[in-house]
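See structure below.
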Amino acid sequence: MKDVVGGLAIIAFALLFLIPGLGYGVGSMSQPGSGGLPVVAAVAMILLGLGIGASGFIRRGDEGQAVSINMSRVRHITFVGVAVIGFAFAIESLGLIPATVFAVVVSSLADPRSRILPTLVLAGFMILIIWLIFKVGLSSTAPLFVRPF
Amino acid sequence: MEFFTIGLPAALTIEALLYCLAGVALGTFIGVLPGLGPLAAVSLLLPVTVYLDPLLALIMLAGIYYGAEYGGAIVSILLNMPGTPGNAITCLDGYPMAKRGEAGKALFTAAISSFIGGAIGILVLQFLAPSIVTVALSFGAAEYFAAIVFSLVAASTITDGSVAKGLAMLGAGILIGTIGTDPYTGVIRYSFGQFELMDGVTIALVALGLFAIGEVVMAIGVKRDGKIFAVKLRDMYPSRKDMKSLFWPSIRGSAWGSFFGALPGVGPAIATITSYATEKNIAKNPEEFGTGRIEGVAGPEAANNAAAQTAFIPMLSLGIPGSATTAVMLGALIMNGIIPGPRLIVNEPELFWGLVASFWIGNVLLLVLNLPLIGVWASILRIPYHLLFPGIIAIMCVGVYSIHNSSFEVLLVLLFGLIGYFGRLLALPLTPLLLGFLLGPMLEENLRRALILAGGDFGRIAVRPIAGSLLVLTVVCLIAVVGLGLMRKRSNARAEQAA
């Protein structure tokens with residue numbers, strides 16, 4: 001199954017770029033246009049994706065072809081993803097410190113071994129490190145807290 | 001000569017020494033730390049380097065890279081887990097030595113051999129890179145195009161062995177690299193309606209997503225068991241016999257490492273395997289390998305460190321990196337406004353020679369850090385991973401945001417993180433994607449120029465002696481990788497039939 005999914009993903013990605021690419025103008029050999037390289041690359045990817053998918057379909061019973069997706073993997077990527085998305089929104093509406101705490105606390109939930117107290121200590125430690133590197137060291141302009149007015 | 005007149009003065013400033021120390025210490029730390037490799041670490045620091053002087057930035061990033069090869073050996077020996085792919089072979093004899101109570105001796109061997117490998121690798125870099133530049137300065141667009149094609153194809157197919165997957169991911173990288181305004185025609189490509197994408201995607205976002213997020217999330221929940229052996233400095237004093245048995249394997253390992261390190265896509269892991277096989281072949285009693293022989297640690301450890309140094313040759317002399325880590329470092333230069341290519345050493349002698357001088361300083365610092373401070377590094381092994389990765393995620397978010405104060409880019413990093421994570425789950429190689437992204441614009445520019453000069457006739461590019469031979473070499477390389485893959489499959493099938 002692994003290579004079937006992989007091949008399909010490659011084809012989908014290539015199509016996403018192929019369709020607009022045709023509109024950029026492929027040009028000619030002596031005067032290549034903006035769409036030239038993207039179209040060639042996308043078409044090559046589609047052919048390779050078909051090959052990968054087909055060979056994966058033939059060997060679908062093989063041991064190495066199993067996709068190991070289980071609930072704990074879903075948990076890992078979901079919490080880390082939510083942590084990053086939350087950070088992206090919190091940094092502009094709330095500021096650097098709340099966004100950092102959010103990212104640390106939510107991503108720690110990805111691992112069932114995390115405990116709230118050590119996580120909060122880690123969040124405090126990260127605030128210190130980030131303040132030292134980005135505020136003191138690099139004089140970043142991102143505000144520590146955003147005032148709601 | 002430039003090494004003494006330009007390089008040493010540039011690398012011996014207080015600032016340069018501090019960044020070198022920070023780099024190698026961080027590198028050792030990362031090498032020891034489970035779940036985070038040098039590639040992720042170099043990517044994590046990429047946003048910070050935008051604020052630094054390019055020489056200081058490169059000194060620090062490079063220090064992380066070769067420092068991790070030293071640190072990785074410590075985990076291989078004490079825990080039987082490779083810190084970096086280049087340290088995997090070190091487990092074979094290093095861990096049995098530790099089990100036998102000779103952890104100190106194995107660590108000492110690893111440190112000294114690493115230093116020998118590093119030193120030989122730097123010497124090769126120092127002499128070879130400037131001579132490659134003299135050839136490369138005569139390159140036209142056709143030659144440059146062919147060199148990029150060879151490097152990309154070799155790097156995408158050799159390491160992972162799957163030609164189709166490597167090339168497909170290379171294509172994905174090239175496509176992502178075309179996002180933004182086309183400098184030739186002014187056409188805005190693939191902005192998908194987002195004005196933030198009109199200037200293209202910054203390399204930091206691609207590298208951080210693919211390697212930092214992808215790697216960190218993959219490592220959550222991985223169980224680590226096994227006993228960590230205690231080491232004391234007192235146990236590390238070697239005997240004269242130990243010194244003798246580590247010397248020649250280290251020299252031979254350095255030779256393999258220097259050779260393979262400079263080639264695109266080959267890198268430290270293959271160099272260590274070759275070195276180990278060599279030592280086993282010439283040993284009087286090869287059956288003792290795997291039971292804790294000094295030679296089995298010395299050769300591979302010299303090989304991976306030599307390879308880490310010579311990997312800088314194509315990156316600094318041609319501007320064409322052959323591995324993901326050197327690609328990220330080249331990205332740091334690009335983000336600092338420095339144009340990579342053969343003119344780099346000519347136009348920025350301080351950058352090249354200063355970096356080379358810092359390699360010498362860094363390797364000496366690593367020897368000092370590794371021998372007396374071994375206890376400190378061994379205790380890092382006890383930090384639980386669930387107290388590390390949330391901090392890594394937070395610092396990555398702040399780093400990305402600080403590049404352009406853009407939340408959009410934080411979300412974009414997550415998108416690349418998802419590509420990195422699912423790519424790993426589906427066994428799709430990610431190095432080709434990064435290399436395609438970084439070199440794609442250079443490939444397109446040189447191909448266009450070469451085609452315009454040749455009047456649209458690709459045949460006229462292929463008959464140029466250097467360009468033509470590089471293209472032939474590319475085809476030979478492809479056939480060889482496919483052929484080796486088929487042979488391996490057939491011998492596996494035969495072994496199954498026999499069993």
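Below, the figures for the structure above:
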{"read-out": "Residue within region A:30-41 that is at the interface with another protein chain (Cβ under 8 Å from one of its Cβ atoms), modelled with pLDDT of 95 or more and surrounded by fewer than 23 Cβ atoms within 10 Å (Cβ to Cβ) present", "value": "no"}
{"read-out": "All positions within region A:135-147 that are in contact (Cβ under 8 Å) with a residue 24 or more places away in the chain and over 30 Å from B:Ala57 (Cα atoms)", "value": "A:Val146"}
{"read-out": "Selection within region B:292-324 - over 17 Å from the mean Cα position of the chain (by Cα) and at pLDDT below 90", "value": "B:Gly292"}
{"read-out": "Whichever residue in region A:116-134 is touching a residue at least 12 places away in the same chain (Cβ under 8 Å), more than 7 Å from chain B (Cβ to nearest Cβ) and out of contact with any Pro (no Cβ under 9 Å at 6 or more places or on another chain) and, among such residues, is nearest to A:Thr78 (Cα to Cα)", "value": "A:Leu120"}
{"read-out": "Restricting region B:302-344 to residues that are of a type in the set (A, V, I, L, M, F, W, C) and assigned to a loop (DSSP other than H, G, I, E, B), the residue that is surrounded by the fewest Cβ atoms within 10 Å (Cβ to Cβ)", "value": "B:Ile339"}
{"read-out": "Unique residue being in contact (Cβ under 8 Å) with a residue 40 or more places away in the chain, surrounded by fewer than 20 Cβ atoms within 10 Å (Cβ to Cβ) and part of a loop (DSSP other than H, G, I, E, B) when the list is A:Arg60, A:Arg113", "value": "A:Arg60"}
{"read-out": "Extreme residue, surrounded by the most Cβ atoms within 10 Å (Cβ to Cβ), among residues of region B:427-439 that are assigned to a loop (DSSP other than H, G, I, E, B) and more than 7 Å from chain A (Cβ to nearest Cβ)", "value": "B:Leu430"}
{"read-out": "Any hit, region B:346-369, residues being more than 29 Å from B:Ser317 (Cβ to Cβ) and either of a type in the set (S, T, N, Q) or away from chain A (no Cβ under 14 Å) (or both)", "value": "yes"}
{"read-out": "Selection within region B:422-457 - in contact with an Asp or Glu (Cβ under 9 Å, 6 or more places away or on another chain) and not aliphatic (A, V, I, L, M)", "value": "B:Arg424, B:Pro429, B:Thr431, B:Pro432, B:Glu444, B:Asn446"}
{"read-out": "Single condition A:Val67 does not satisfy, out of (1) more than 9 Å from chain B (Cβ to nearest Cβ); (2) touching a Lys or Arg at 6+ places or on another chain (Cβ under 6 Å)", "value": "(1)"}
{"read-out": "Exclusive hit being outside any helix (DSSP H, G or I), surrounded by fewer than 24 Cβ atoms within 10 Å (Cβ to Cβ) and at pLDDT 85 or above, set B:Leu26, B:Leu52", "value": "B:Leu52"}
{"read-out": "Residue selected from region A:70-85 under the condition more than 7 Å from chain B (Cβ to nearest Cβ) and within 17 Å of B:Ala219 (Cα to Cα), by the criterion surrounded by the most Cβ atoms within 10 Å (Cβ to Cβ)", "value": "A:Phe79"}
{"read-out": "Selection from region B:153-192 of residues that are at negative phi, more than 10 Å from chain A (Cβ to nearest Cβ) and free of Cβ contacts under 8 Å to residues at least 60 places away in the same chain", "value": "none"}
{"read-out": "Qualifying residue in region A:11-25 (condition: buried (at least 20 other Cβ atoms within 10 Å of the Cβ), more than 23 Å from the chain's Cα centre (by Cα), within 9 Å of another protein chain (Cβ to nearest Cβ) and of a type outside the set (Asp, Glu))", "value": "yes"}
{"read-out": "Helices (runs of 4 or more DSSP H) lying entirely in region B:193-294 (those with 1 or more residues that are more than 14 Å from chain A (Cβ to nearest Cβ))", "value": "B:203-207, B:240-262, B:267-282"}
{"read-out": "Looking only at region B:446-464, and only at residues there that are in a loop (DSSP other than H, G, I, E, B) and more than 12 Å from A:Ser28 (Cβ to Cβ), the one that is nearest to the chain's Cα centre (by Cα)", "value": "B:Arg464"}
{"read-out": "Qualifying residue in region A:92-102 (condition: more than 10 Å from chain B (Cβ to nearest Cβ) and among the acidic types (Asp, Glu))", "value": "no"}
{"read-out": "Residue satisfying all of: in region B:371-426; in contact (Cβ under 8 Å) with a residue 12 or more places away in the chain and of a type in the set (S, T, N, Q); nearest to the other protein chains (Cβ to nearest Cβ) among these", "value": "B:Ser402"}
{"read-out": "For A:Ala88: the one exception among (1) in a helix (DSSP H, G or I); (2) within 10 Å of chain B (Cβ to nearest Cβ); (3) more than 22 Å from the chain's Cα centre (by Cα)", "value": "(3)"}
{"read-out": "Conditions (1) among the small types (Gly, Ala, Ser); (2) at negative phi; (3) in contact with a helix residue (DSSP H, G or I) (Cβ under 9 Å, 6 or more places away or on another chain); (4) more than 8 Å from chain B (Cβ to nearest Cβ); number of the one not met by A:Gly51", "value": "(4)"}
{"read-out": "Residue match in region B:434-457 (condition: at pLDDT 90 or above, among the aromatic types (Phe, Trp, Tyr) and out of contact with any Cys (no Cβ under 6 Å at 6 or more places or on another chain))", "value": "yes"}
{"read-out": "So B:Asn347, is it polar (S, T, N, Q) and in contact (Cβ under 8 Å) with a residue 12 or more places away in the chain", "value": "no"}
{"read-out": "Criterion: crowded, with 18+ Cβ neighbours inside 10 Å and either modelled with pLDDT of 90 or more or charged (D, E, K, R) (or both) - qualifying residue of A:Leu128, A:Leu96", "value": "A:Leu96"}
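The values are calculated or read from the model by the stated rules, or taken from the named source; none is laboratory data. Since the model is a prediction, treat every value here as computed from it, not as a measurement. For neighbour counting, all protein chains shown are included, and Cβ atoms are generated from backbone atoms with ideal geometry for every residue, glycine included.
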